[in-house]
Amino acid sequence: MHFSILFSFLLLTVPVTVNACEGECIVGITNAFLDRYENGPLKTVWKNIANQLSGVMPNNPGPFTAMTYLQPIFDTYRSRAYDGMETAIFPSYFHGKCLDENGQEPDGCPNPDCSIVCGTPGSLVHFYPHLRYIAFNQTRHLVKELSSPGSDAYQQVEQNVLNAVQSNQPSARMLRIYGRSMPILLELQKRADDVREQLKMVLERVDFLLETKCGGSGNGDTHGLPDCSWEDAMKQYILTFP
């Protein structure tokens with residue numbers, strides 16, 4: 001009886017070898033991709049979008065101000081990015097133990113290079129060419145969704161832009177000049193419609209701009225996305241986890 005209790009206690013206190021990417025490993029790798037995208041290619045893409053948006057707005061507010069109109073997209077992206085990225089990597093693709101058809105763990109598993117798709121750092125390293133596409137496609141999908149007219153974030157951005165345009169409308173001056181000879185309300189509505197269409201055209205290019213910034217070839221090519229790969233650094237980081 002005493003032996004049984006002692007044995008159970010030892011099982012609870014002896015460190016358990018982790019044979020899969022769990023806990024801190026999942027959080028760390030997910031955040032590593034998110035940080036690289038947000039502080040690298042996405043930052044460049046949003047600056048490009050802000051420049052274009054400023055250029056098509058009648059009051060030409062400047063890129064810095066135009067960037068503030070996009071804040072709803074940024075806020076929503078940050079609130080959803082982690083869960084989406086984690087799920088796309090773990091467990092949607094990488095999960096489970098690394099066992100072959102005979103139920104054996106092959107050489108290199110769990111580290112440093114495991115040739116079976118599973119949930120270990122060695123597997124993530126071996127299949128890194130695919131992992132980079134998972135991270136890219138998840139990022140592209142989310143920013144495209146948020147930059148499309150059907151999203152709440154897009155509607156908020158549109159309202160920000162329209163409010164900025166309307167607050168700078170020279171309506172009083174136009175009324176003094178044109179008096180009753182010009183249907184001013186129709187003209188203002190046409191201007192608002194034009195701005196809506198221009199905003200849509202600017203934001204619908206966000207996924208193209210991201211792919212271009214990443215080096216193109218976002219179609220699964222092993223050597224694609226060279227500027228959004230971070231392969232050497234990411235492999236080294238992944239292998240810091242047991």
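The values are calculated or read from the model by the stated rules, or taken from the named source; none is laboratory data. Note that the coordinates shown come from a computational prediction; the quantities given were computed from them, not determined experimentally. Ideal geometry is used to build each Cβ from the backbone, glycine not excepted, and the neighbour counts take in all protein chains shown. The area values use the complete protein model at the heavy-atom level, side chains included, leaving out ligands, DNA and RNA. Shrake-Rupley method; radii C 1.70, N 1.55, O 1.52, S 1.80 Å.
Extension gain for the segment Glu105 to Thr87, taken as residue separation times 0.36 nm less the Cα-Cα distance, is 4.0 nm to one decimal.
Rounded to the nearest 0.05, the FRET efficiency derived from the C-beta distance between Lys144 and His95 at R0 = 25 Å is 0.45. Within the full protein context, the accessible area of Phe90 is estimated at about 10 Å² for a probe radius of 1.4 Å.
Per-residue 3J(HN,Hα) values for the stretch 32-42, derived from phi via the Karplus relation 6.51 cos²θ - 1.76 cosθ + 1.60 with θ = phi - 60°, read 4, 5, 4, 4, 5, 5, 5, 8, x, x, 5 Hz in sequence order (x marks Gly and Pro). If R0 is 35 Å, the Cβ-Cβ spacing of Val117 and Lys43 corresponds to a FRET efficiency of close to 0.65. When Phe127, Phe208 are compared by accessible area at a 1.4 angstrom probe, the order from most to least is Phe208, Phe127.
Just the protein heavy atoms count here, and of the accessible area of the stretch 23-114 at 1.4 Å, carbon and sulfur take up 50 percent.
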